[in-house]
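A.B. asks: Got a structure for you, questions after.
The values are calculated or read from the model by the stated rules, or taken from the named source; none is laboratory data. Given the structure is predicted, the values throughout are model-derived calculations rather than measurements. Neighbour counts are summed over all protein chains in view; Cβ atoms, including those assigned to glycine, are modelled from backbone coordinates with ideal geometry.
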Amino acid sequence: MQRTLFRFLTLAALLAPLDGRAELVLVTSQRSGPVELSREQAEKLYLGRSTTLADGTPVKLVDLPNGNTRDDFYLKLTNKNPAQIVAYRSRLVFNGRTTPPLEAASIAEARQWLADTPNLIGYLERTDVTGGMRVLLRLP
Amino acid sequence: MKRPHPWPARLAALLAASLCCAAAAANEPPRFALSGFGTVGVARSDKDDYRFHSSSTQDSVSPGQNFDATADTVLGLQGTGQLNDQFDLTVQAISRQAVGYNYTPHVTWAYLNYRASPALTFRVGRTTTPFFMFSDSLNVNYATPWLRPPVEVYSLNPFSDLDGIDMLYRIPVGAMDLEVQGLFGNSTLKARSASGRLSNATGIRVGLAGSGFSAQAGYTRTDLELHWDDGLYQFLNNQFGLLGQTGAQAELSGKRGHARFFSAGLQWEKNNWITVAEYARRTVDRYINSAHAWYLTVGHRFGNLTPYAMYSQQRQDTAAFAHDTAPALAPLVDFYNTTRNTAQQTTALGLRWDVARNIAIKGQVERINVAPHSRGMFTPESAAAAFKPVPPIHVLSLSVDFVF
């Protein structure tokens, strides 16, 4: 029994990174006020249906460069695949309803922005969170 | 269009200024974003005698059975600069074939956006008329399941620029968001055989959006100026002149028209099924006919492939010139009204293939039946074709849509 469990865990550990199942978190700079973020509000923000937090604080969003982490994030938060997200977002952007999230050139750049800029919200793999950031929401 | 665009030009200058001075510190995100979209498409019909058009504002280069690369091809660029937390500027320009085979980039958006509160936004400058559900993203084919917006509905009002002011008010209603838009402005247009102007357009649009569902309805009333410039108009106008019917002449073309536009539509996505439906009505007191149209599109997503089917139709309510006239002129008036009637119905099958990130390939076949006493969206190639009823026409279209 124990051996089976051990094998299963080993297998899970091996598969986890391949599967892109790292834990994702939504973070903001510690310079932001004592803000809170619900999963529902996060979905509204990233789908362009809101530009503020529940308490009315205007926020900006960060996107990671195209890749697994980004795709995984949108799938978990909005249940939309990359093509659906691009189609949905392009309509909002080109009809002037919303400005798209600021796209960082790299994870390192996103980390720097998120640590330094108040009222900026972004998502990272939990292991990429650095000091200067505060975790607002976990997306297991 | 030769008309100068004071608003767009001024806003573009402001945007450029915001660009140069928004040199933020390197560890802060930039305040300017540039993005774009486009379509490369070809379309052909199975009849040599008729040219297919996707709108009344373009000529088409290739008649009938030649592949025409101008009906759907479009390129757009958009820049947005954030001035501060409350103000930003957006400029968008597109290049696509306009009347006179003109590809000169046309400014479609150039406005200053002012967020008065999280719920209330004002936009001043050039925005887009919100006559239809997809008015504000007409050229962004990547964003829609179909190859092009259904022409029966979207040709009812080809005016797309709105120079003026609008207001957007957004509030949550339960799990949904309600958006109310009010607008006031003017618009000009150059079409194949006419030029026009909307003045003092006043409108309201109400939209409700939730997860996987959105619905909207809009109503606009406006003063209408419409000047026909085709040979048939000139001929009929001369005939009225010879008979001393100046009253009839004033009903054909001029500056005293009034129009009302109404549309309502919904989009629904569930379990990979996509449903889009819309109804629109144009009511005009003179110069052009009154008509209504609707469409229904249903698609299903299978991974990267989304096949869809669409039915759409347009019907005329009153003819362009609906007044009594001398009996001798009745056949001519009849013919004139036929050339101003675009009633037709389309049944289409298509496929969207999301081939790569930001790129979709689409194919569509459609059968178009033009209504009696109508020309539909086709212009005849020969005098013989001009006097015959239009036969059923099949159109094959292929396109590549992209955003960046």
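A.B. asks: Condition first: closer than 30 Å to residue B:334 by Cβ and touching a Pro at 6+ places or on another chain (Cβ under 8 Å). Now tell me which residues in the stretch B:351-387 satisfy that.
C.D. replies: B:367, B:368, B:369, B:370, B:372, B:381, B:386
A.B. asks: Report whether or not residue B:182 is more than 13 Å from chain A (Cβ to nearest Cβ) and part of a strand (DSSP E or B).
C.D. replies: Details: more than 13 Å from chain A (Cβ to nearest Cβ): yes; part of a strand (DSSP E or B): yes.
Here the answer is yes, as residue B:182 does meet what is asked.
A.B. asks: Of everything in the stretch B:191-240, what is at positive phi and outside any strand (DSSP E or B)? Give them in sequence order.
C.D. replies: Within the stretch B:191-240, B:212 is the sole residue that qualifies.
A.B. asks: Could you check the stretch B:344-383 and list, in sequence order, the residues that are small (Gly, Ala, Ser) and either without any contact (Cβ under 8 Å) to a residue 60 or more places away in the chain or assigned to a strand (DSSP E or B) (or both)?
C.D. replies: Across the stretch B:344-383, the qualifying residues are B:348, B:350, B:356, B:360, B:363, B:371, B:374, B:376, B:383.
A.B. asks: Right, next: Quick one: residue B:56 ticks every box in (1) under 22 Å from the mean Cα position of the chain (by Cα); (2) in contact (Cβ under 8 Å) with a residue 40 or more places away in the chain; (3) not in a loop (DSSP other than H, G, I, E, B) except a single one, so which number is it?
C.D. replies: Unmet condition: (3).
A.B. asks: Looking only at the stretch B:3-25, decide whether some residue is modelled with pLDDT of 80 or more and hydrophobic (A, V, I, L, M, F, W, C).
C.D. replies: no
A.B. asks: So which residues in the stretch B:89-115 are in contact (Cβ under 8 Å) with a residue 24 or more places away in the chain, more than 12 Å from chain A (Cβ to nearest Cβ) and of a type in the set (Gly, Ala, Ser)?
C.D. replies: B:98, B:100
A.B. asks: Do you know which residues across the stretch B:63-88 are in a loop (DSSP other than H, G, I, E, B), within 14 Å of chain A (Cβ to nearest Cβ) and touching a residue at least 24 places away in the same chain (Cβ under 8 Å)?
C.D. replies: Initially, the stretch B:63-88 is screened for residues in a loop (DSSP other than H, G, I, E, B), giving B:63-67, B:69-73, B:83-86.
Still in the list and also within 14 Å of chain A (Cβ to nearest Cβ): B:83-86.
Those that are in a loop (DSSP other than H, G, I, E, B), within 14 Å of chain A (Cβ to nearest Cβ) and touching a residue at least 24 places away in the same chain (Cβ under 8 Å): B:83, B:85, B:86.
A.B. asks: Is there a residue being β-branched (Val, Ile, Thr), within 12 Å of another protein chain (Cβ to nearest Cβ) and surrounded by fewer than 22 Cβ atoms within 10 Å (Cβ to Cβ) anywhere in the stretch B:128-141?
C.D. replies: Taking every residue of the stretch B:128-141 in turn, none turns out to be β-branched (Val, Ile, Thr), within 12 Å of another protein chain (Cβ to nearest Cβ) and surrounded by fewer than 22 Cβ atoms within 10 Å (Cβ to Cβ).
A.B. asks: Kindly list, by first and then second residue, each pair from a residue in the stretch A:79-106 that is at positive phi and facing chain B (nearest Cβ under 8 Å) to a residue that is modelled with pLDDT of 85 or more and surrounded by fewer than 20 Cβ atoms within 10 Å (Cβ to Cβ), limited to pairs with Cβ atoms under 6 Å and residues at least 6 apart or on different chains.
C.D. replies: Listed pairs, sorted by first residue: none to list.
A.B. asks: Sticking with this structure for a sec: Out of all the residues in the stretch A:107-140, which are more than 11 Å from chain B (Cβ to nearest Cβ) and among the basic types (Lys, Arg)?
C.D. replies: The answer is A:126, A:134, A:138.
A.B. asks: How many residues are in contact (Cβ under 8 Å) with a residue 40 or more places away in the chain and assigned to a helix (DSSP H, G or I) if we restrict to the stretch B:296-333?
C.D. replies: Total meeting the criteria: 3.
A.B. asks: Name the single residue, out of those in the stretch B:95-123 being of a type in the set (Ser, Thr, Tyr) and assigned to a strand (DSSP E or B), that is surrounded by the fewest Cβ atoms within 10 Å (Cβ to Cβ). Write out each step before concluding.
C.D. replies: In the first step, residues of the stretch B:95-123 are kept if they are of a type in the set (Ser, Thr, Tyr); the result is B:95, B:101, B:103-104, B:108, B:111, B:114, B:117, B:121.
Okay, now just the ones that are also assigned to a strand (DSSP E or B), so B:95, B:108, B:111, B:114, B:121.
Values: B:95: 17, B:108: 22, B:111: 26, B:114: 15, B:121: 21.
Per the stated criteria, the residue is B:114.
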